[in-house]
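Let me begin by presenting the structure, written as structure tokens, before commenting on it.
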Amino acid sequence: MSYCLDVNRGKLKCHHKYYHDNIYGFPCKNDNEIFGRLVLEINQAGLSWDTILKKEKTIKKAYKNYSFNEIAKFDEYDIKKILNNKGTIRMRRKVIAIIYNAKKVVSITEKHNSFKSYLDKHHALNLSGWVSLFKNEFKFVGNEVCKEFLTSTGYLKGAHKKSCPIYKKVVKEKPMWNY
């Protein structure tokens, strides 16, 4: 998803530029933010990133500001609300997977103190190792979802090229791929 060339040429839409310059590849500050990136990547599967960025505020609201503790409590009523909300991605399999994954993250945080510490523990894995780990723990997490989730959160290198002006900003934030 590296938009570095388009950003440098000034071709990106405003929401893409903001995401590129301030979010993509930067380490997350808390577990809900990390989980939110996973929610977005699951929702994006098979769709354009433009669609996700346009709907991100509504998705975030529908998924309780990405609070995995709240999402883990979702029931059929909450599922129907999301599926009837035109501002979200209305695919039942994705909604069910996100709820399942929220429950897994609750369990992970009970064992590892945080989702971040769990991910940090595995930071040295290559992509195939991450995919294997994620497929054992989560739903709706194929190669591309894993790759983009881990790249967007700074666990895998590749969000920005060295020639991109944002690359140095990301490195200053100490992404896990740099260790």
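The values are calculated or read from the model by the stated rules, or taken from the named source; none is laboratory data. Because the structure is a prediction, the values reported are computed rather than measured. FYI the Cβ positions are ideal-geometry reconstructions off the backbone, even for glycines, and counts take in every protein chain you see.
For the stretch 41-95, a residue qualifies if it is closer than 26 Å to N143 by Cβ and of a type in the set (F, W, Y), and the qualifying residues are W49, Y63, Y66, F68. Taking every residue in the stretch 154-179 that is among the hydroxyl-bearing types (S, T, Y) and pairing it with any residue that is not in a helix (DSSP H, G or I), at least 6 positions away or on another chain, the pairs with Cβ-Cβ distances below 8 Å are Y155/H123; Y155/P175; Y167/H160; Y167/K161; Y179/H123.
From the list G10, G25, the lone residue that is in contact with a Gly (Cβ under 8 Å, 6 or more places away or on another chain), on the phi > 0 side of the Ramachandran plot and either at pLDDT 90 or above or not in a helix (DSSP H, G or I) (or both) is G25. Here V95 fulfils each of the conditions (1) under 15 Å from the mean Cα position of the chain (by Cα); (2) touching a residue at least 24 places away in the same chain (Cβ under 8 Å) apart from (2).
Among the residues of the stretch 17-38, those identified as buried (at least 19 other Cβ atoms within 10 Å of the Cβ) and without any contact (Cβ under 8 Å) to a residue 60 or more places away in the chain are Y19, N32, G36.
Quick check on K111: is it touching a helix residue (DSSP H, G or I) at 6+ places or on another chain (Cβ under 9 Å) and either modelled with pLDDT of 95 or more or at positive phi (or both)? When the stated conditions are applied, K111 passes them.
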